[in-house]
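Engineer: Have a look at this one.
The values are calculated or read from the model by the stated rules, or taken from the named source; none is laboratory data. From a predicted model like this one, the values you see are computed outputs, not experimental measurements. Backbone-built Cβ (ideal geometry, glycine too); neighbour counts: all protein chains shown. Ligands, DNA and RNA are stripped out before the accessible areas are found, and what is left, the full protein with its side chains, is counted by its heavy atoms. Shrake-Rupley method; radii C 1.70, N 1.55, O 1.52, S 1.80 Å.
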Amino acid sequence: MNAFTRRDGRLWVEDVSLDELAERHGTPLFVYSATALTDNYDALDRALGDAPHTLCYSIKTNMNLAVVRTLVARGAGIDITSGGELFRALRAGASPEKIVYSGVGKRDDEIDQALAAGIKMFNVESRAELRRIDAVAGARGVRAPVAFRVNPDVDPKTHPYISTGLRTSKFGIPWGEAGEAYAEAKALQHVDAVGIDCHIGSQLTEVQPFVDALNRVRHLLLELRDAGHAIRTIDVGGGLGVTYDDETPPSFEQYASGVLESVGGLGCDLVFEPGRSFTANAGVMLTRVLYEKRNDEKRFVIVDGGMNDLIRPALYQAYQRIEPVGPARGDARAADVVGPVCESGDFLAKDRPFPPVETGDLLAVHSAGAYGFSMSSNYNGRVRAAEVLVKGDRAALVREREGYEDLVRGESIPEEITG
Ligand code: LLP
């Protein structure tokens, strides 16, 4: 569903006016559609039919408690990468038995926290980590369910910063070591190797790399079963791309049928870790035009949202579609849309046709529901934005805008040192 549509020339989210939300809550402001979130969840769930599956929403994408709860209420589990994300998932009401824990660097205290909660599975990225999990589980007197994240050496054909399944990547254990790793796990007292995990990257716009990687996983599974390992879960990771500009990623149906072709029918519960495909196009960031400025070379539209609020364009040269919430004031001419942060890299759009604007005009930066607020920071002494969740004609502020006191929370001035 497209939750963002025009009424009388102005942009709305579901049955709520974006102008009114910006008026009430200020800018920059993240606005999410609950209906878009649940429609996405339902579409993937439906596409998987009666194949046993658990959809573990990748909470790193958008960790707002209300967003997470919206998906959890629909049946979602959660994919976490830290103790902090576990805390958030539980606070949002997620069931521990539907939580999977990924990531290359898990600390002992985080492992212990996850064991205490009773999560579904640790996705283990090295044998050194396996031994730590075994030791921590031993100290607690429990057995930890684990899967190895195997690195299939498949090129996901996406941005290098978000490719994770190549041989050169820090993620996963090398393919050739998988047999030994499972043998080691079997010999340990406090881990149970119950699954195989594979995540090759993010924003994939083709099905084939998923299929290639998962075909390798199927072969590995059969080999491991022959070697006496009782593998009953396959975690296929996340990574399904979305449309930011003119990409044509696979539909949930095409993606699901590619996955099921490769690893369906093996008697395994299939875990999915969708992130962006659930949240990206369920959200926008609203920002207001401060002023326009020109030099000999360029036209700059300066807005009140910057790279600290939405870092994707600066960090990955990512394209995010931007449009005025009101009707265009005239013909588009090239512009950079830039924020107030003191960095040349602080732009939301570069050399893009953009209509004339006036001070105070409200702009919507699209596809900001994923990796937007969750990657935001206080750089340049900027308070983090507010977040609003909408369903139908109801809107709720689900995170207040920070205040200046939040900027210094936890800091102190030790005068015996500072003078
Ligand atoms: N599972 C694992 C193990 C992951 O590392 C990720 C994303 C996901 C699932 C979710 O992937 P998704 O379905 O969202 O593609 N900040 C970057 C993306 C970083 C991706 C990190 N891992 C961006 O804004 O493009």
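Engineer: Do you know which residues across region 184-238 are outside any loop (DSSP other than H, G, I, E, B), closer than 23 Å to T279 by Cα and of a type in the set (A, V, I, L, M)?
Structural biologist: L204, the sole residue that qualifies.
Engineer: In the list L286, L224, which residue meets the criterion of being assigned by TED's automatic domain parsing to the domain that holds F122 and aliphatic (A, V, I, L, M)?
Structural biologist: Selected residue: L224, the only one of L286, L224 that is assigned by TED's automatic domain parsing to the domain that holds F122 and aliphatic (A, V, I, L, M).
Engineer: Next question, about the same structure. For region 186-217, enumerate the residues that are without any contact (Cβ under 8 Å) to a residue 60 or more places away in the chain and closer than 23 Å to G118 by Cα.
Structural biologist: Answer for region 186-217, where residues must be without any contact (Cβ under 8 Å) to a residue 60 or more places away in the chain and closer than 23 Å to G118 by Cα: K186, A187, L188, Q189, H190, D192, A193, I196, C198.
Engineer: Sort through A282, A230 and tell me the only one that's away from the ligand (no atom under 11 Å from the Cβ) and at pLDDT below 95.
Structural biologist: A230
Engineer: Looking only at region 115-125, decide whether some residue is open to solvent by less than 50 Å² (accessible area, probe 1.4 Å), within 10 Å of V191 (Cβ to Cβ) and in the same structural domain as A230 (by TED's automatic domain parsing).
Structural biologist: Taking every residue of region 115-125 in turn, at least one turns out to be open to solvent by less than 50 Å² (accessible area, probe 1.4 Å), within 10 Å of V191 (Cβ to Cβ) and in the same structural domain as A230 (by TED's automatic domain parsing).
Engineer: Is it the case, given these coordinates, that R352 is over 26 Å from G84 (Cα atoms), basic (K, R) and open to solvent by less than 40 Å² (accessible area, probe 1.4 Å)?
Structural biologist: Yes.
Engineer: With respect to L270, determine if the residue is within 16 Å of the ligand (Cβ to nearest atom) and under 20 Å from A43 (Cβ atoms).
Structural biologist: yes
Engineer: Quick test for you: out of E358, E402, E416, E387, pick the one residue that is open to solvent by 70 Å² or more (accessible area, probe 1.4 Å) and assigned by TED's automatic domain parsing to the domain that holds L11.
Structural biologist: E358
Engineer: So, one more: From the residues in region 285-312 that are away from the ligand (no atom under 16 Å from the Cβ) and of a type in the set (S, T, N, Q), which one is least open to solvent (accessible area, probe 1.4 Å)?
Structural biologist: Among them, the one singled out is T287.
Engineer: Against the definition (farther than 19 Å from C56 by Cβ, in contact with a Gly (Cβ under 6 Å, 6 or more places away or on another chain), among the β-branched types (V, I, T) and within 16 Å of the ligand (Cβ to nearest atom)), how does V207 come out, yes or no?
Structural biologist: In short, yes.
Engineer: Taking L115 as the residue in question, decide whether it is touching a residue at least 60 places away in the same chain (Cβ under 8 Å) and in a helix (DSSP H, G or I).
Structural biologist: No: the conditions fail for L115.
Engineer: Being open to solvent by less than 50 Å² (accessible area, probe 1.4 Å) and more than 15 Å from the ligand (Cβ to nearest atom) narrows it down to one residue among S257, S277, S262; which is it?
Structural biologist: Going through S257, S277, S262 in turn, just one is open to solvent by less than 50 Å² (accessible area, probe 1.4 Å) and more than 15 Å from the ligand (Cβ to nearest atom): S262.
Engineer: Given the conditions (1) modelled with pLDDT of 95 or more; (2) in a loop (DSSP other than H, G, I, E, B), and given that D155 satisfies all but one, which numbered condition is not satisfied?
Structural biologist: The single condition D155 does not satisfy is (1).
Engineer: Continuing with the same structure: Scan region 315-330 and give yes if some residue there is modelled with pLDDT of 95 or more, open to solvent by 60 Å² or more (accessible area, probe 1.4 Å), more than 25 Å from N281 (Cβ to Cβ) and not β-branched (V, I, T), otherwise no.
Structural biologist: The answer is yes, given that some residue of region 315-330 is modelled with pLDDT of 95 or more, open to solvent by 60 Å² or more (accessible area, probe 1.4 Å), more than 25 Å from N281 (Cβ to Cβ) and not β-branched (V, I, T).
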